[in-house]
1. Looking only at region 34-73, which residues are under 9 Å from the mean Cα position of the chain (by Cα) and open to solvent by 50 Å² or more (accessible area, probe 1.4 Å)?
2. Which fully enclosed helices (runs of 4 or more DSSP H) of the chain have 2 or more residues being touching a residue at least 24 places away in the same chain (Cβ under 8 Å) and in contact with a strand residue (DSSP E or B) (Cβ under 8 Å, 6 or more places away or on another chain)?
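The values are calculated or read from the model by the stated rules, or taken from the named source; none is laboratory data. Since we're looking at a predicted model, the values are computed, not measured. Note that each Cβ is placed from the backbone with ideal geometry, even for glycine, and that neighbours are counted across all protein chains shown. Ligands, DNA and RNA are excluded from the accessible area calculation, which covers all protein heavy atoms including side chains. Shrake-Rupley method; radii C 1.70, N 1.55, O 1.52, S 1.80 Å.
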Amino acid sequence: MGILDDSVGSLDPLDLALDQWRHQPGIGPALGTEVGLYLGTVLVGSVDGARWHVWPNGHPVVLLDSGREFDVTALVSDRLDRNGTSLPGLYAEAMAGT
């Protein structure tokens, strides 16, 4: 996999690596949080009006100008646990939701 540079282009190779990493001891359990925060960083850096928002319980989400919230850690956990939407697909949803 290439370097994670906070770009949209890094989401494809990262998504491909997720299935290999999620079953590795010491890596798999942290993936939802770590990759979710990375996805959020990419969204905030590349989607107009996207910004971090923290719920009262301290949980970080990405808030779009439309008011839609992306719970990036939950979305990535869903991708890992139930073969949910890919990282590029989540990015596309955020772009459509602006």
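1. Correct list: E34, L37, T41.
2. Of the helices (runs of 4 or more DSSP H) lying wholly inside the chain, those with at least 2 residues that are touching a residue at least 24 places away in the same chain (Cβ under 8 Å) and in contact with a strand residue (DSSP E or B) (Cβ under 8 Å, 6 or more places away or on another chain) span 31-46, 72-82, 87-96.
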